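**Student:** Structure below; questions to follow.
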Amino acid sequence: MHSSLLYLITVMIWGSTFYAIKFQLGLVDPLVSVGYRFILAGILLLGFCRLTGINLRFSLRAHLFMLLQGISLFGINYWLMYQSTAHLTSGLIALAFSTIVMMNIVNSALFLGAAIRKEVVLGGMLGLLGIGLVFQPDEGSFAFSGQAFQALLIVLLGTYCASLGNITSARNQRDGLPVLQCNAFGMSYGGIAMLLLAASSDKQLTFDPSVPYISSLLYLSVFGSIIAFGCYLTLVGRIGADKAAYTTLLFPLVALQISTLMEDYHWSSSGLIGIGLVLLGNLIILISPQQLRHLRQRWRARIRA
């Protein structure tokens with residue numbers, strides 16, 4: 001499959017999953033729904049590995065790190081996202097989630113010893129300013145103690161958990177653990193952990209037999225969790241993680257368009273500026289030093305001409 005098609009599939013699926021989560025809310029507690037989603041995805045991935053003869057034997061230490069990846073990336077992260085969906089449109093959640101680009105770099109410096117470039121600081125400041133503008137209401141009615149603001153904080157906390165999961169994944173890859181098997185076990189562990197947490201907190205392990213719930217569960221498990229991650233990881237292998245990460249610039253736009261059509265999201269002038277700042281901040285963060293030098297050289301050459 002051509003890389004451009006992989007890009008398109010990843011962006012379209014991940015951009016639509018934020019809206020699909022809406023259909024998971026209601027009868028089933030979000031904690032339980034997340035458990036169902038990733039247990040199903042994990043079983044399917046493990047079954048694929050078994051059928052294709054892919055190695056599934058790893059040390060206890062490796063499984064512990066896969067468990068850590070699963071709980072943070074496929075467990076707590078999505079549980080918090082599901083909770084915030086009740087109070088925010090899916091497009092705004094996707095936009096806030098795109099700040100994971102900045103969080104990944106900061107956490108890489110904290111836990112993996114990577115250096116932080118000044119462009120990252122600039123991009124992060126632009127992103128935070130943009131988030132503030134997007135969530136600034138037209139009539140000034142936004143309350144910092146209201147449900148919308150609390151939901152935004154939950155999204156950002158969930159995004160940080162996802163970033164920790166990404167850092168754990170990077171550590172696992174650096175230790176020689178295959179991405180596919182890590183995701184298979186990680187999704188299974190994350191789903192099981194969420195159901196155990198639900199049971200320990202006296203939440204009912206109910207199930208919604210309605211068509212919207214089952215169809216959205218299948219879509220999120222198969223497309224959002226297996227196919228999209230498969231396409232994205234294929235991109236990482238072909239063109240590198242830095243270029244593949246540009247999907248984070250595009251899927252919020254898909255989610256915002258869906259919010260406009262399906263959730264009656266109203267665009268404001270401050271919201272448009274904020275969205276632009278968030279995407280610009282992510283772009284600045286994602287551009288490599290080599291690309292920046294090349295752009296500067298081209299700009300200087302044009303000025304001299």
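**Student:** Which numbered condition in (1) at pLDDT below 85; (2) small (Gly, Ala, Ser); (3) farther than 24 Å from THR260 by Cα is the only one that SER163 fails?
**Tutor:** (1)
**Student:** Take the conditions hydrophobic (A, V, I, L, M, F, W, C), buried (at least 22 other Cβ atoms within 10 Å of the Cβ), touching a helix residue (DSSP H, G or I) at 6+ places or on another chain (Cβ under 8 Å) and within 25 Å of LEU249 (Cβ to Cβ) and apply them to ILE71. Does it pass? Talk me through it step by step, then tell me what you get.
**Tutor:** On the way: hydrophobic (A, V, I, L, M, F, W, C): yes; buried (at least 22 other Cβ atoms within 10 Å of the Cβ): yes; touching a helix residue (DSSP H, G or I) at 6+ places or on another chain (Cβ under 8 Å): yes; within 25 Å of LEU249 (Cβ to Cβ): no.
Answer is no for this residue.
**Student:** Ok, one more. Testing SER163 on (1) more than 30 Å from ILE54 (Cα to Cα); (2) buried (at least 23 other Cβ atoms within 10 Å of the Cβ), one condition comes back false. Which one is that?
**Tutor:** For SER163, the failing item is (1).
**Student:** While we're here: Looking only at residues in segment 89-138 that are surrounded by fewer than 17 Cβ atoms within 10 Å (Cβ to Cβ) and under 21 Å from LEU256 (Cα atoms), which one is farthest from the chain's Cα centre (by Cα)?
**Tutor:** Among them, the one singled out is ASP138.
**Student:** Go through (1) at pLDDT below 75; (2) more than 19 Å from the chain's Cα centre (by Cα) one by one and return the number of the condition ALA244 breaks.
**Tutor:** Result: ALA244 passes all but (2).
**Student:** Still on this structure: Could you list, in sequence order, all residues of segment 183-221 that are acidic (Asp, Glu) and without any contact (Cβ under 8 Å) to a residue 24 or more places away in the chain?
**Tutor:** Start the filter on segment 183-221 by keeping residues that are acidic (Asp, Glu), which leaves 202, 208.
Passing the criteria: only ASP202.
The values are calculated or read from the model by the stated rules, or taken from the named source; none is laboratory data. Since the model is a prediction, treat every value here as computed from it, not as a measurement. Reconstructed Cβ throughout: ideal geometry from the backbone, glycine too, with neighbour counts over all protein chains shown.
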